[in-house]
Amino acid sequence: MSLENPFQDPLRFERRVPECAMVIFGANGDLTKRKLLPALYRLAYERRLDAGFAVLGISRTPMTDDQFREKMLASVKEFLEDSPFDADVWAAFAQGIFYMAGNFDDGALFPALDARLKAIDAARHTGGNVLFYLSAQPSQYIPIAQGIAAANVGKGSGWRRIVIEKPFGHDLASAQELSAELHSAFAEAEVYRIDHYLGKETVQNILALRFGNGIFEPLWNRRYVNHVQITAAESIGVEGRGAYYQEAGALRDMIQNHLSQVMATIAMEPSATFRPDSVRDERSKLLRSIRVMKPDEVLQNTVSGQYGPAHIGGEDVPGFRQEPGVKPDAQTDTYAAVTFFVDNWRWAGVPFYLRSGKRLPKRVTEIAIQFNSAPLAIFNGDETTTAPNLLILRIQPEEGISLKFLSKRPGSGMTLRPVSMDFNYGSSFGERSPSAYETLLLDAIIGDATLYTRQDMVEASWAVVDAVQHVWNETKFDFPNYAAGSWGPKAADDMLARRGHVWRQP
Amino acid sequence: MGAAGGTIAPDRILHDMADLWVSLGKQGEGDAGVLRACSMTLVVAAEESDDAQAIGETLAALMPEHPSRAIVLRFRADAQRGLAARVFAQCWMPFGHRQQICCEQIEIAASDASLPDLAAVVLPLTVPDLPVILWCRSPRLFQLPDFSQLAAIAQKVVLDSAAFGEPAAALGEMSGAAAAGSLLADLSWTRLTRWRELIAQIFENRAQLANLPLVTDILISYRAAATPPTAYYLAAWLIDGLAKVGARPRVQFRSDGGEPAWRLSLVQLRAQGSADALASIALAEGSCAEVKTGGLVSKAPLPALTDYALMREELSIPGRDPAFERTLAAAAKLALS
């Protein structure tokens, strides 16, 4: 009979974290420096990791353990947000950081990795548990999976899990091929597809809002909800990633994964339990209920856009085609807007408008749920006296929830005005929220896949997006069609206007 | 606001609070008004001599995370009955926002003799449908015969056994009150959370967990002249945990010398005949704990345990804390043995 730790106190202690080693493929890359190591250090600072926790970084660049530690120290100091740096905590944490150089296509790398993991386990008591993290180029995912499978490193005395970053393929067929390769080394339950949007506090708070309260769920359906807008706007351009972005585009880069997942969280049916598979089953069901557009419906219900040059804040901003590494006639969508319908009893006929773009006026991600207006306008006045109720779930930059409703303007007469009731995460709770990567890394170590994407979800969202992408691929768009710094192409406004709606300006 | 004859009317206080909100609202411009936030009523019972500024600063620090209606009762040892009250607001402007967030604060000055009248004044001032927490900063007040009437308003009473003169008597008294049905919290127990969490984390590792039944000795050192309540709590909690895996360890308390502010300095779990401790957590320089286990050494920060930090944690647990209740009874027994 295995012993249970008798000292746990769930009321006061953070979640239990088992011992493990984490292998980062692509340890010399930007993600490792900017996100992973700062998040791991922060977890160590918060005493969330086992004392023997180890990181084994792998990339092509030859380096010693100490050189890698020095590099990671510089990254942690540079990218640690809202947190103090403690030299003592780092010194202890750094003892568990190791490095090995190798080419992911080289079959000899993986038996060497196996031997190194065994040595680390012996020295640091990691229990044979290993979390592999693919922070490498997407083109290297399959060689890494094949190497792990061939050397049988995906199996061991403890648990083995693999975390992969998006993109999970570039269409449905490639997503299935990637999944098949991963499954040669790992069972589906051991594959953690990370979508950092799902690790954000407000996205998790959607679940709390919907399923922890009794007052919202009765309104959460076609009878009361007029439409839903999901916006992920970025004010920056492609920032040197022109060559990558040229092949991806906003539809694949944002809507297929982040925004589809957010939509699934907003629209899914209540889960019977908060167990990972139960929640993911409901998300998956919702994604499979999104109507796949027929080719002749695509251009009516979607808008592809690309930003052109502009003069913003006294500065000349290049258009997408003027960005380094981008072809002068690129047909890439730097803006995508789609109208989705969910074919189930709850949502039939309710439009879900999703939009994402680069070089929009501000960086903001939010969900706006617009409710139907009161059935009868009994108060005289202009359109503000019949303004519909809006529930705004803000994801970034300021996480929070706002409810807009009408109130009587003080004084004689019956004049109404819209007012906003705000709940702001940052100010309502003084505690620092963990970053999405802290949350998700801890979840993967603990084995909680609730906030991770499953293959059936990936395939369902690709099926919806592929139908749009195929038509877009066959269409020659007259790009650029929106100026940098604007809210996107006029065609996106027209798309909503056809149903009597307008985009919110966040 | 004081009333003739040293009495106060709750309705008048509530009216003053309503006026306060109107005047705060008028100070806002356009949409940037005032946001009222409240998640509980926090009643603070303190001596008149207690540092009013320190209490105010602690409440202000607590408000962003635990917005509450604060009722501060300041007692003077006086046989004359007399009450006086004033209301004001604690407001803050979240960084980068135009809107102020405000919480109400009521301050009531009372004599010991008016304690029996106080419950009837405080009860109508509590916020409906939200928990009421009473933070009693003075052991003397807790021991006054009529204090129980005030305590009955609250779901939970927060005390600090370290402020009581004699640890064994304090633990005995609190254990007795808890056994009689009072829901108590003790900041001396709260001070242990980080130490306990570090210990628990060590045994999340299966290799270390397998050694736990081998523990035969517990050593707890502290920087204080006499064994503080926190050391008794830690011992009782460790004994309880180890009993679950079949270990029956001996406990040794060791004083490392008195300091003006006592602290735990070391806790070790040892197996008989083993040269090294199975687990050891020692206070290190720079507000750090040095954790040694399985040949590995790591460091973890031990942030300063201010009143704010302790109350912040306690206010997060408005209901029962079974681990504390169990440990309080065992610690009292240990201290009195």
Original post:
Say we look at the stretch B:288-330 and pick out the residues that are of a type in the set (Gly, Ala, Ser) and facing another protein chain (nearest Cβ under 7 Å); which of these is farthest from B:Pro64 (Cα to Cα)?
Top reply: B:Gly294
Original post:
Restricting the stretch B:177-200 to residues that are free of Cβ contacts under 8 Å to residues at least 60 places away in the same chain and more than 11 Å from chain A (Cβ to nearest Cβ), which is nearest to A:Ala21 (Cα to Cα)?
Top reply: B:Ser188
Original post:
Residues A:Ala374, A:Ala348: which one is aliphatic (A, V, I, L, M), over 22 Å from the mean Cα position of the chain (by Cα) and closer than 24 Å to A:Ala264 by Cβ?
Top reply: A:Ala348
**OP:** Determine whether A:His227 is within 29 Å of A:Asn372 (Cα to Cα), modelled with pLDDT under 95 and in contact with a strand residue (DSSP E or B) (Cβ under 9 Å, 6 or more places away or on another chain).
**Re:** no
Original post:
Looking at (1) part of a loop (DSSP other than H, G, I, E, B); (2) β-branched (Val, Ile, Thr); (3) surrounded by fewer than 21 Cβ atoms within 10 Å (Cβ to Cβ), which is the only condition A:Thr332 fails?
Top reply: (3)
**OP:** With the condition kept exactly as written, say whether any residue in the stretch A:144-160 is part of a strand (DSSP E or B) and surrounded by 22 or more Cβ atoms within 10 Å (Cβ to Cβ).
**Re:** yes
Original post:
Do we have any residue at all in the stretch A:336-348 that's among the β-branched types (Val, Ile, Thr), buried (at least 16 other Cβ atoms within 10 Å of the Cβ) and touching a Ser or Thr at 6+ places or on another chain (Cβ under 6 Å)?
Top reply: yes
Original post:
Of the residues that make up the stretch A:45-54, is at least one in contact (Cβ under 8 Å) with a residue 40 or more places away in the chain and more than 14 Å from every other protein chain (Cβ to nearest Cβ)?
Top reply: no
Subject >> Conditions (1) in contact with a helix residue (DSSP H, G or I) (Cβ under 8 Å, 6 or more places away or on another chain); (2) of a type in the set (D, E, K, R); (3) surrounded by fewer than 22 Cβ atoms within 10 Å (Cβ to Cβ); number of the one not met by A:Arg275 >> reply: (1)
Subject >> Answer residue from the stretch B:201-242, given it is of a type in the set (Gly, Ala, Ser) and more than 8 Å from every other protein chain (Cβ to nearest Cβ) and is nearest to the chain's Cα centre (by Cα) among those >> reply: B:Ala231
Subject >> Every pair of residues 6+ apart whose Cβ atoms lie under 7 Å, when the first sits in the stretch A:417-436 and is within 11 Å of A:Thr202 (Cβ to Cβ) while the second is modelled with pLDDT of 55 or more and part of a helix (DSSP H, G or I) >> reply: A:Tyr425/A:Glu201; A:Tyr425/A:Thr202; A:Ser433/A:Glu201; A:Ser433/A:Tyr425; A:Ala436/A:His196; A:Ala436/A:Gly199
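Residue-by-condition table, conditions (1) polar (S, T, N, Q); (2) touching a Cys at 6+ places or on another chain (Cβ under 8 Å):
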site: B:Ala45; (1), (2): no, yes
site: B:Ser49; (1), (2): yes, no
site: B:Glu57; (1), (2): no, no
site: B:Ala60; (1), (2): no, no
site: B:Met63; (1), (2): no, yes
site: B:His66; (1), (2): no, no
site: B:Asp78; (1), (2): no, no
site: B:Arg81; (1), (2): no, no
Original post:
A:Pro62 is checked against (1) touching a Gly at 6+ places or on another chain (Cβ under 9 Å); (2) more than 14 Å from chain B (Cβ to nearest Cβ); (3) over 20 Å from A:Gly447 (Cβ atoms) and fails just one. What number does that condition carry?
Top reply: (1)
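Rundown of residues vs (1) over 17 Å from A:Thr61 (Cβ atoms); (2) surrounded by fewer than 14 Cβ atoms within 10 Å (Cβ to Cβ), yes/no style:
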position	(1), (2)
A:Lys77	yes, yes
A:Glu81	yes, yes
A:Pro84	yes, yes
A:Val89	yes, no
A:Gly96	yes, no
A:Gly102	no, no
A:Asp106	no, yes
A:Leu113	no, no
**OP:** Go over the candidates A:Lys71, A:Lys118 one by one and state the one that is more than 28 Å from the chain's Cα centre (by Cα), part of a helix (DSSP H, G or I), over 18 Å from A:Tyr437 (Cβ atoms) and more than 14 Å from chain B (Cβ to nearest Cβ).
**Re:** A:Lys118
Subject >> Pairs, first closer than 30 Å to A:Arg252 by Cβ and in contact (Cβ under 8 Å) with a residue 60 or more places away in the chain in the stretch A:151-172, second part of a loop (DSSP other than H, G, I, E, B) and polar (S, T, N, Q), C-beta under 9 Å, six or more apart >> reply: A:Arg161/A:Asn129; A:Val163/A:Ser135; A:Glu165/A:Ser135
Original post:
So, of the residues in the stretch A:1-21 that are within 8 Å of chain B (Cβ to nearest Cβ) and either crowded, with 23+ Cβ neighbours inside 10 Å or of a type in the set (A, V, I, L, M) (or both), which turns out to be nearest to the chain's Cα centre (by Cα)?
Top reply: A:Val17
**OP:** Would you check if there is a residue in the stretch A:22-36 being crowded, with 19+ Cβ neighbours inside 10 Å and within 7 Å of chain B (Cβ to nearest Cβ)?
**Re:** no
Original post:
For the stretch A:445-479, which residues satisfy the criterion of being buried (at least 21 other Cβ atoms within 10 Å of the Cβ) and either of a type in the set (Ser, Thr, Tyr) or over 26 Å from A:Lys294 (Cα atoms) (or both)?
Top reply: A:Ile445, A:Ala449, A:Leu451, A:Tyr452, A:Thr453, A:Ser461
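The values are calculated or read from the model by the stated rules, or taken from the named source; none is laboratory data. Since the structure is predicted, the reported quantities are computational estimates derived from the model, not experimental observations. Quick reminder, even Gly has a Cβ in these numbers, built from the backbone with ideal geometry, and neighbours come from all protein chains shown.
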